[in-house]
1. Summarise the partner chain shielding of A:170-181 as one whole number: the mean count of Cβ atoms from other chains within 10 Å of each residue's Cβ.
2. In nm, what is the difference between 0.36 nm times the number of residues separating A:N297 and A:S283 and their Cα-Cα distance?
3. Starting from the amide H of B:R136, placed 1.01 Å from N in the peptide plane, find each other amide H under 5 Å away whose residue is 5 or more places distant or on another chain.
4. Give me the lysines in straight-line cross-link reach of A:K20: C-alpha distance below 27 Å, same-chain residues under 8 apart excluded.
5. How about B:K122: which aspartates and glutamates have a C-alpha closer than 12 Å to its C-alpha, ignoring those fewer than 8 places off in the same chain?
6. Go through B:K46/B:K127; A:K284/B:K129; B:K34/B:K118; B:K118/B:K191; A:K98/A:K192; A:K308/A:K376 and tell me which ones have a Cα-Cα distance over 19 Å in this structure.
7. Based solely on its DSSP helices, what 222 nm [θ] is calculated for chain A when runs of n ≥ 4 H residues each add -39,500 (n - 2.57) and the sum is averaged over all residues, nearest 500 deg cm²/dmol?
8. Amide H of B:M164 versus every other amide H placed in the peptide plane: which residues, excluding those fewer than 5 positions away on the same chain, fall under 5 Å?
Amino acid sequence: MMNFLKEILSFLSFSEPNVKVVFWGSLVLCGISGLVGTFTLLRKRSLIGDVISHSVLPGIALAFILGKQKNLIYLIIGATITGWISTYLVDYITRNSKIKNDTAIALILSVFFGTGVLLLTHIQHSGNASQSGLDQFIFGRASAMNMTDVWLFAGAGIIIIISTAILFRGYTLISFDEGYARAIGFPVEWLKLILSITTVITVAMGVQAVGVVLMSALLITPSAAARFWTNNIRVLTILAVVFSAFSGVFGSAISYTYQGMPTGPWIVVVVSLIAFISALTGSKTGLLKSLLLRRSNNRKILKENTIKIFYPLSLQGTPEKYYSLEELSVASDTPVKILSKGLSVLKNDHLIEGNSSLGFRVTAEGRRESRAIVRKHRLWELYISRFMNLQPDHVHDDAEGIEHVITPEIEKELEEELNFPLLDPHEKEIPYDQL
Amino acid sequence: MEAQDSSIETHDLTVIYNKKPAIWNIDFLLPKGKIIGIMGPNGSGKSTLLKAIMGITEPNIGYSKIFNKPLDEVRDRVSYVPQRQSVDWDFPASVYDVVAMGRFAKLGLLKRLTEEDKHIIKDSLEKVKMAPFANRQISQLSGGQQQRVFLARAIAQRADLYLMDEPFVGVDASTEEAIINLLKSLRDEGKTLVVVHHDLHTAQHYFEWLVMMNTRLVASGPAEEVFNEQVLTDTYGGTLTTLSKVANLLQEKSFPMRHK
């Protein structure tokens, strides 16, 4: 593990000259795919992203055959053209035939990818000396870039970032409500065209680092991960860029350190890990959050149920009296184990004082708390007996649960709606703090 | 009614979906300053009609005019409320963000929201009683609240003509009442409201003018004249047999509807 970290650190220190190229190359390529991918996700076109990325392969191969050399610009142009044709065909088939969208996607993806692999095999058998390394486009190899490539990517990246920033409002509106965008006169067809060209170019460049097979994961996963953290589309976009750029750099660092490993799978492993962690801990829908919430709810229920035990006791006995654990257990019909857990919570919150040998008694604050929970319980019993037409002997169980949810505001509403009642449906007094 | 006094004029408006007319030769003049209902059974082309008028769906034959002008010349005077279910309410946006979209009609793609725009957005939220929810995520809204947000967005456009697609579907009674009161107060300001609706019980009470359709136009006129047994039977009592036979023939044999 230490060794691994050391290797990664030595990568990030740019000790080897080629490392700089890999670093900036992956940063730019992955960063813009996170940016563009946000709208692919929001427009529910994730599968189209997959079609494009697989369909750039025949374009790369054809560009190589026609250009007779590995010139990056030719390759990107070739990739963009076939990628573009593939999305156009999917939309065309969906619109103009009985074939549904998912079928059209599967059809076009396999035809284009198959053709790509065929052409690639042909090139490899042709004995062309410079063909070596074309297969890197299948799984990506960031280390195959040179500084000129990176400058090209950076230039294209800046254009994509600026155009996306300018058209952000338009992209947002066509993603949310295309019909409305049309109705208010936005140039919807143009926006869709520019967005889809941007997506195709992003994919065509990104396959250098990630490869055609996994490129769509890099398009979709960062924004899917970011979705767990925010409901604001601007924050979402920025987070997606940060996630994907980080995965790009980290993934290529790993693959660079262990020579010969393709870059794409590592980048995708890192970004998937981020997505997984986001699903667990994300602030919006995170599982961890709901786990913590459940814990804090359980604590509140335990606390309120335990303090409630003291209410009838403080009515009969002298308030100063200490009650032993056993007395409390009998009085409340609660197992000692649960009771002592509840008592320690109460003591922690200074609602009771004492200890297991001396016994326990409520503090002034504790008395107020016990009255409050009983009050909520009885108010609720009265409320549902009146508004749900329930018999008095049917209201207790419901109130046992609801009493813990009622906030001071709701309590006030209940009091007002019931006109400050004195007795609950069982003719028991509703304890107010001051009357 | 003369064309220059009309809010909407459609002329032989026809939209073909999948080689079959979804609306066929819809031809009417609608008045200004009224609450107008468009009614017909499911699949009778009510939404398609609105979309064709708004230029969202390109009509195959015919045209429509708004305030006696082509749509593009008066687009800023027209506001459209799509069906609530037509969008994904899980989209990352707040209530305020959605209502702000209403101002984009004026601002276009680039211009920023001014103080006045922000004031209009707040005012629109207040009109539908959603001001306390301005920062709420749209995914957390009830059906009725979603509909109010869509209405607020339309009001924020400050238009003269409002086209609403089924605003009363799936909303609670209090929202329904709030919406109809809102429509009436907009009407009192001289605005024209065109509402796709399908509840026959409330139709007479809500609308001053009714358009009854079932792919074809059955009737268009003041509510008390149009809302009678004969028209209702014509609208809801099944399609015209010969007409639908012809429509099916067009589809089966791929005949063009018009040829030159």
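Here, each number is a calculation from the coordinates, and none is a lab measurement. Predicted, not measured: the structure shown is a model, and the values here were computed from it. Because the Cβ atoms are built from the backbone with ideal geometry, glycine has one as well, and the counts that use them run over all protein chains shown.
1. 6
2. Working: separation 14, 0.36 × 14 = 5.04 nm, distance 1.78 nm.
Answer, rounded to one decimal: 3.3 nm.
3. B:V95, B:Y96
4. Candidates past the 8-residue exclusion: A:K6, A:K70.
5. Here the aspartates and glutamates satisfying the reach criterion relative to B:K122 are B:D97.
6. B:K46/B:K127; A:K284/B:K129; B:K34/B:K118; B:K118/B:K191; A:K98/A:K192
7. Theoretical 222 nm ellipticity from helices: -24500 deg cm²/dmol.
8. Long-range HN contacts for B:M164: B:V81, B:V194, B:V195, B:V196.
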